[in-house]
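Heads up: the structure comes next, in structure tokens.
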Amino acid sequence: MSFILPLLSYPGIPSTAKSEAITRILSDPGLPTTSPPATSSFWLSPLHPAFSTPPLPPSPDAEIVIIGSGITGTSIARHLVRSHRASLSKQDKKQNPIVLLDARDICSGATGRNGGHVNEVGWEEYGDLVTRYGREEAKKITRFRMAHVDEFMRVVAEEGLGKECGMRVVESTCVFFGEKGWERGKAAVKGFKEDFGGEVDACKTTEGPEEMQSMGVPGAYGIIKGKAGAMWPYRFVSGVLANLKRDDEGFHVCAHTPATSISVSEDGFFIVSTPRGEIRAKHVIHASNAHIGHLVPGFRGRVYPLRGQMSAQVPPKGFSHQGEKRSWSFEYDVGFDYLTQLPKRETKAGEWDDGGEMMFGGGFVQAGFSGLVEMGVASDAELNENAAEHLRQGLGKAFENVGGDGFKVKSMWTGNMGFSVDMLPWVGKLPGSLTGRGSGQGAEWVSVGYSGEGMVNAWLCGKALAMMILGQEESIKEWFPQHMGISDERIRESVLERCVDIGTIGRSDLNMTPV
């Protein structure tokens, strides 16, 4: 459910704050921040050896240019390289390059700044999805998201990255610290399990003081358990990209090479301009998420940046290590946080170092005006101090009586997510009405707008888009939700426009599908 409307209609938020948020949402998000530099993400250190040296200039000609090197761009590249190009000769691969661009270091956007949490809380949104799209499509969307844990496990095994990225299946524990939220959660789980049956056997509710005490959260009302995953996202992406470079000499990864503009040549090729040279391409794929509105102006007001905040914290010695088996979400009366714990890390000498950092993110509603101050913010160069204070205190409040000197912040950073006005991804071929450009010999394509749930949307959205590009769209209809596609109706209705009177905003002031 879109949460823009409630914030814009809430009388307790000043009209000036609402107006400023809408202005940001409708503005050009620009390129990813380089000056001032982005906040330093714990995940990005050290850089992968394959991408720690200055890259060569991009090829002047390409079959495909992919803009964005997070999970989406990596998924698209892998499916193209491992299927479409697997049977090509070395010479054919060299003559028809795939060029992947990033404005900064590889995977330095949302993927390299998230929580490493592969967690589809299907019960939470399922009822709303049924209301909006009907029962069968709601099931399809939920199954699509839930499939990501097993899909990541399969890809990690195939690429030999298990030890490197630490992908693991864990028990998701959604902890409720508000009584009303707990009652709503239990009711949602009941309906969810009635519709999915044995598919969601892992989804269970538990409550009672003794159980909460044993789970280390004595202040909670109850817990909803389920299946989730966790990983080191940068190491997964960089590992896959390094493997693709090794296996396909025509696959080029160009860090610090922003795409600044796109035009169409007289002979029908796309011209992707960068500070390091122009690239002629048959197809251009946009996997830039929060920044999509920069090169595709038609997405302004449809997909917008929203800044989130993350931290890496060292637990006290008295905290029981649970990183191999559990992840957490904390649900409050207003807002939520999310948490994974890194496994213990083995040194080269065969000994174990401290490891076990608590990767804790959230604090959105505490950021200011219930989070409105972070909507439309396209820079990850600053911390929000209100959110930072919440993150510094949150673990100590959730896990009471752990002893020691408390949880200590080791690192804190921000990242920009791409939020869709209708809260679903946009995946497919881009029409000229959104790009303002012709299609030429090929086309422009897009996969963006995961609304804070990229880890359970992006990989399979990338796979679906790759198959669309290869002309295999029929083969994905069984598992890819149709409402994530691009249609004239969706373009027309799922957009936020400037309001005439912010102070009295209502649904009739917004040109968008009711949600």
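Tell me, how many Å apart are the Cα centres for segment 239-277 and for segment 63-97? Taking the Cα centre of each part, segment 239-277 and segment 63-97 sit 11 Å apart. Within a straight-line Cα-Cα reach of under 24 Å, LYS317 can be paired with the following lysines, leaving aside sequence neighbours fewer than 8 residues apart in one chain: LYS325, LYS344, LYS348, LYS397, LYS408, LYS410.
Summing +1 for each Lys or Arg and -1 for each Asp or Glu among the other residues whose beta-carbon sits under 14 angstrom from that of TYR221 gives -4. Annotation for segment 40-57 versus segment 109-149: alpha-carbon center distance of 31 Å. Taking θ as phi - 60° and the Karplus parameters 6.51, -1.76 and 1.60, the scalar couplings of segment 442-455 work out to x, 7, 9, 10, 8, 8, 8, x, 8, 6, x, 10, x, 5 Hz in sequence order, x denoting glycine and proline.
From the Kirkwood radius over Cα pairs of the chain, Stokes-Einstein at 4 °C and 1.567 mPa s returns a whole-number translational diffusion coefficient of 55 µm²/s. Evaluate E = 1/(1 + (r/R0)^6) for ALA157 and LYS410, where r is the Cβ-Cβ distance and R0 equals 35 Å; express this FRET efficiency to the nearest 0.05. Here the calculated transfer efficiency is 0.70.
Between GLN91 and SER433, the modelled label-to-label distance comes to 4.6 nm, taking each label 7 Å out from Cα in the direction of the beta carbon. When ILE4, ILE292, ILE491 are sorted by how many other C-beta atoms sit within 10 angstrom of their C-beta, beginning with the fewest, the order is ILE491, ILE4, ILE292.
Backbone amide hydrogens, once placed in the peptide plane, bring LYS344 within less than 5 Å of GLY356, excluding anything fewer than 5 places away on its chain.
Approximating the spin labels as points 7 Å out from Cα along Cα→Cβ, the ALA187-to-GLU385 distance works out to 4.1 nm. For SER327, nonlocal amide neighbours, meaning residues 5 or more places apart or on other chains whose placed amide H falls under 5 Å from its own, are GLU171, SER172, THR173. For segment 288-302, the Karplus equation 6.51 cos²θ - 1.76 cosθ + 1.60, evaluated at θ = phi - 60°, returns couplings of 9, 6, 4, 9, 4, x, 6, 8, 10, x, x, 8, 5, x, 10 Hz by residue, with Gly and Pro reported as x.
Rounded to the nearest whole Hz, the Karplus-based 3J(HN,Hα) values (6.51 cos²θ - 1.76 cosθ + 1.60, θ = phi - 60°) of segment 334-340 follow the sequence 9, x, 7, 10, 9, 8, 10, with x at glycine and proline.
Less than 10 Å Cβ to Cβ from ALA290, Lys/Arg counted +1 and Asp/Glu -1: what total charge do the surrounding residues give? Once positives and negatives cancel, what remains is 0.
The distance separating the Cα centre of segment 367-436 from that of segment 457-498 comes to 25 Å. For THR257, the residues 5 or more places off, or on other chains, whose built amide H falls under 5 Å of its own are ASP102, ALA103, ARG104. Put in line by how crowded their Cβ is, counting other Cβ atoms within 10 Å and starting with the fewest, CYS107, CYS254 read CYS254, CYS107. Using the rule -39500 (n - 2.57) for each DSSP H run of four or more residues, divided by the residues of the chain, the 222 nm mean residue ellipticity is -8500 deg cm²/dmol.
With respect to the chain, whose longest principal axis is taken over its alpha-carbon atoms, helix 233-247 is tilted by about 30°. Neighbours of GLN366 by Cβ distance under 12 Å: Lys/Arg scored +1, Asp/Glu scored -1, total -3. Modelled spin labels at GLU478 and ASN401, positioned 7 Å past Cα toward Cβ, are 5.3 nm from each other.
Coordinate-derived values only; no laboratory data. Quick caveat: nothing in here was measured; it's all calculated off a predicted structure. All Cβ positions, glycine included, derive from the backbone under ideal geometry; neighbour counts span all protein chains shown.
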